[in-house]
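To start, the structure itself, in structure tokens.
The values are calculated or read from the model by the stated rules, or taken from the named source; none is laboratory data. Because the structure is a prediction, the values reported are computed rather than measured. So basically every Cβ, Gly included, is an ideal-geometry build from the backbone, and we count neighbours across all protein chains shown.
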């Protein structure tokens, strides 16, 4: 169902640094149980991009039990943990896509999404890797096409380099989105949501305060 004719490649590792062996056949059997296949016109969706160890997808599924959360993550170790959490919490409104988020975006021109979360995307801090960053003007405009009216995008990062990059992307999309919390950038993610992901804790432990951008579709 997914086309491979997109130019936006995925970069980075698919496995953690652990040398623990994984039975890939068993892994894909588990993934297929929760695999996103296609949109249901009677459903509303939440897109969780780069879900890491699954904390955000679980949080969103519990907060919005009437919505379907599409978890986009290629990281095998993270998906294994997410599946365990889905089964331990008996959650039935999460679907997994283990490829490129553009796969999901390019199979529809309808507005299925009520909310998009992108927490701690890889900042690719070196200048020569800047083109690998996910949050660009083109990406935001693509999201605009599949969002319902007044829907919102939440972006979190602790990278000062990425913050500047995101600010530039937001400016270039000022006719598409309202930056809701532009006067509250000093607030912590915990001021909005009672959630602590692994990458949030890592930022705090390293004395980096994560920034949260809230964009509302115009």
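Things to note:
- Residue check, residue 82 more than 20 Å from residue 195 (Cα to Cα) and under 16 Å from the mean Cα position of the chain (by Cα): no
- In the condition set (1) free of Cβ contacts under 8 Å to residues at least 40 places away in the same chain; (2) in a loop (DSSP other than H, G, I, E, B), residue 161 is compliant with all but (2).
- Checked against the criterion of being in contact with a helix residue (DSSP H, G or I) (Cβ under 9 Å, 6 or more places away or on another chain) and under 17 Å from residue 101 (Cβ atoms), the candidates 195, 135, 170, 189 yield just one match: 135.
- Among residues of segment 117-132 being surrounded by 14 or more Cβ atoms within 10 Å (Cβ to Cβ) and touching a helix residue (DSSP H, G or I) at 6+ places or on another chain (Cβ under 6 Å), the one that is nearest to residue 203 (Cα to Cα) is 120.
- Residue that is over 27 Å from residue 62 (Cβ atoms), over 15 Å from the mean Cα position of the chain (by Cα) and surrounded by fewer than 20 Cβ atoms within 10 Å (Cβ to Cβ), where the choices are 174, 148: 174
- Some residue of segment 93-107 being surrounded by 14 or more Cβ atoms within 10 Å (Cβ to Cβ), touching a helix residue (DSSP H, G or I) at 6+ places or on another chain (Cβ under 9 Å), closer than 26 Å to residue 188 by Cα and in contact (Cβ under 8 Å) with a residue 24 or more places away in the chain: no
- Boolean, residue 64 is closer than 30 Å to residue 208 by Cα and buried (at least 17 other Cβ atoms within 10 Å of the Cβ): no
- Here is the figure for segment 124-140: residues that are under 18 Å from residue 211 (Cβ atoms) and modelled with pLDDT under 95 total 2.
- Residue list for segment 120-140, restricted to those being part of a loop (DSSP other than H, G, I, E, B) and free of Cβ contacts under 8 Å to residues at least 60 places away in the same chain: 123, 125, 126, 133, 135, 136
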